[in-house]
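Structure record follows, encoded as C-alpha cells.
The values are calculated or read from the model by the stated rules, or taken from the named source; none is laboratory data. The shown structure was predicted, so the numbers you read here are calculated from the model rather than taken from an experiment. For neighbour counting, all protein chains shown are included, and Cβ atoms are generated from backbone atoms with ideal geometry for every residue, glycine included.
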Amino acid sequence: MASLDAGAYTQSWTIPVAGCSNLIGQNARVTQVVITAPTATNATLALYDSPNTNTSYVLAGYTNISTYATNLISVYTNFMGVLNTNTLYTNVLVDYTNNVVASTNSYPLRLQLTALSGTAAIADNVNYYFGQGVTATNTSTGTATVTLTWFGQ
C-alpha cells in the first residue's frame, strides 16, 4: 500500500525561558524529537497537541433547557383531614433548566523530555500524532533548542 505522507521535514527552534511557541500550525506525525540544553542548565520541554500557543482552553458555560414526560400526581387533604394521593395516568410534559458552568481543559500533552546541561535528549523512531498543531513549552531556567522531524501536509 502506498504511503499518503509527503516528504519528511526537519526544523529547529529556540524556545525562550518560560516560553511557549507554536512550532507547527497543522496536523503532523512527529518521528524524532531532539532537545538540546545550554551548557549552564538543564532543559525541560513539553510538546502539546495545540493549534496555538495555549496549553489549555475554556469551554463557555451554557444553559440547557429540556423537557421530560411524567405522570401527574396530586396530593391534597380532604374535609375530614385525610391526606389523599391522586395519580392520574396521563402524561404531563415538564420543562427544566440545567445550568452548565464553564470549564478549563488542557490540550493533550504528547511528550515531555529533559536534557541535562550541555547535552541532547533524543526521542527517535517514534510516532507522535498531532491533530491540531505542535506547541512547545520550556519550563527550564535557560533557553532550549528543539529539533523536530515530522510528516505533514
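Listed values, structure above:
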quantity	calculated
Residues (closer than 13 Å to Ala46 by Cβ and hydroxyl-bearing (Ser, Thr, Tyr)) located in region 106-122	Ser106, Tyr107, Thr114
Qualifying residue in region 34-45 (condition: within 21 Å of Gly152 (Cα to Cα) and at pLDDT 90 or above)	yes
Any hit, region 126-138, residues being touching a residue at least 12 places away in the same chain (Cβ under 8 Å), part of a strand (DSSP E or B) and more than 22 Å from Pro51 (Cβ to Cβ)	no
Filtered residue count, region 38-79, keeping only those that are over 18 Å from Ser106 (Cβ atoms) and not hydrophobic (A, V, I, L, M, F, W, C)	17
Subset of region 106-124 (residues that are within 16 Å of Ile15 (Cα to Cα) and either part of a strand (DSSP E or B) or not assigned by TED's automatic domain parsing to the domain that holds Ile15 (or both))	Leu111, Gln112, Leu113, Thr114, Ala115, Ala120, Ala121
Entirely in region 8-105, the strands (runs of 3 or more DSSP E) that have 3 or more residues that are touching a residue at least 12 places away in the same chain (Cβ under 8 Å) and touching a helix residue (DSSP H, G or I) at 6+ places or on another chain (Cβ under 8 Å)	none
Of all residues in region 95-153 being among the β-branched types (Val, Ile, Thr) and in contact with a Cys (Cβ under 9 Å, 6 or more places away or on another chain), the one that is surrounded by the most Cβ atoms within 10 Å (Cβ to Cβ)	Thr135
Positions within region 11-69 being small (Gly, Ala, Ser), crowded, with 16+ Cβ neighbours inside 10 Å and over 11 Å from Thr135 (Cβ atoms), in sequence order	Ala28, Ala37, Ala43
